[in-house]
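Reviewing the structure listed below.
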Amino acid sequence: MANHSQLGFQDASSPIMEELVEFHDHALMVALTICSLVLYLLTLMLMEKLSSNTVDAQEVELIWTILPAIVLILLALPSLQILYMMDEIDEPDLTLKAIGHQWYWSYEYTDFKDLSFDSYMIPTTDLPLGHFRLLEVDHRVVIPMESPIRMIITADDVLHSWAVPTLGVKTDAIPGRLNQTSFTTTRPGIFYGQCSEICGANHSFMPIVVESTPLTYFENWSSLISS
């Protein structure tokens with residue numbers, strides 16, 4: 001999760017988020033190069049005589065017409081690749097349905113029989129020592145690590161949004177519509193998120209907690225919960 005005075009992203013816990021962080025760094029370097037070049041040219045114009053800047057130069061006009069097109073291509077190609085990767089859902093190992101309510105989440109493990117639960121935020125007065133305020137829930141979403149997970153997301157009343165930044169997942173929950181996304185966790189851990197849609201008075205109190213565990217632990221947990 002995010003820390004105080006943190007300047008960068010949270011540590012990536014899925015291949016999609018790793019690609020997003022890499023693309024962010026790539027775009028930032030392109031923007032830094034453009035800003036440096038423009039600053040250099042402005043400084044050059046201020047330091048030289050005005051007469052030297054009024055000369056007709058077809059080559060310069062050709063360069064500053066073609067160069068932005070090349071920059072756009074350098075940004076568009078990796079961006080389109082990531083978009084296609086985020087939409088690709090190929091034979092998931094587990095399908096999980098998330099339903100947004102005012103103001104809590106319901107989860108259904110569609111591959112299991114009678115495995116569903118509601119996930120409420122734990123009030124500050126009942127929060128165990130060492131847990132995070134306004135982020136911890138009474139029932140976490142437990143998933144097996146290194147397994148493709150398909151998320152089906154919808155809402156029961158108003159617009160919500162299921163978002164976990166460290167997994168690179170943010171999908172709107174719309175009443176009467178099923179949206180889907182996918183992710184794969186690359187390491188065990190507990191990942192925090194929140195509803196990122198302004199869904200009412202308690203919008204800030206719809207936390208999401210995803211616990212990535214080894215497969216054996218997930219199997220034990222699923223058999224215990226469903227029994």
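The values are calculated or read from the model by the stated rules, or taken from the named source; none is laboratory data. Remember, it's a predicted structure, so these values are computed and weren't measured experimentally. Cβ coordinates were reconstructed from backbone atoms using ideal geometry, including for glycine residues, and neighbour counts include every protein chain displayed. Note: accessible area is taken over every heavy atom of the protein model, side chains too, but ligands, DNA and RNA are not part of it. Shrake-Rupley method; radii C 1.70, N 1.55, O 1.52, S 1.80 Å.
Side notes on the structure shown:
- Count of residues meeting criterion [surrounded by fewer than 20 Cβ atoms within 10 Å (Cβ to Cβ), among the hydrophobic types (A, V, I, L, M, F, W, C) and not in a loop (DSSP other than H, G, I, E, B)] in the stretch 114-141: 2
- Hey, Ser222 touching a residue at least 24 places away in the same chain (Cβ under 8 Å) and open to solvent by 30 Å² or more (accessible area, probe 1.4 Å) or not: no
- Scanning the stretch 144-155 for residues that are touching a Ser or Thr at 6+ places or on another chain (Cβ under 8 Å) and open to solvent by 10 Å² or more (accessible area, probe 1.4 Å) returns Met145, Glu146, Ser147, Pro148, Arg150, Ile152.
- Scanning the stretch 55-103 for residues that are in a strand (DSSP E or B) and out of contact with any helix residue (DSSP H, G or I) (no Cβ under 9 Å at 6 or more places or on another chain) turns up Thr95, Leu96, Lys97, Ala98, Ile99, Gly100, His101.
- Within the stretch 176-201, the set of residues being open to solvent by 50 Å² or more (accessible area, probe 1.4 Å) and under 18 Å from Thr154 (Cα atoms) comprises Gly176, Arg177, Leu178, Gln180, Gln194, Ser196, Glu197, Ile198.
- Evaluating Thr110 against the criteria (1) open to solvent by 10 Å² or more (accessible area, probe 1.4 Å); (2) in contact with a helix residue (DSSP H, G or I) (Cβ under 9 Å, 6 or more places away or on another chain); (3) within 22 Å of Asn220 (Cβ to Cβ); (4) not acidic (Asp, Glu) leaves one unmet condition, (2).
- Of the residues making up the stretch 112-132, those that are at negative phi, without any contact (Cβ under 8 Å) to a residue 60 or more places away in the chain and more than 25 Å from the chain's Cα centre (by Cα) are Pro123, Thr124, Thr125, Asp126, Leu127, Pro128, Leu129.
- Among the residues examined, Val169 qualifies as crowded, with 20+ Cβ neighbours inside 10 Å, touching a residue at least 24 places away in the same chain (Cβ under 8 Å) and under 18 Å from Ser119 (Cβ atoms).
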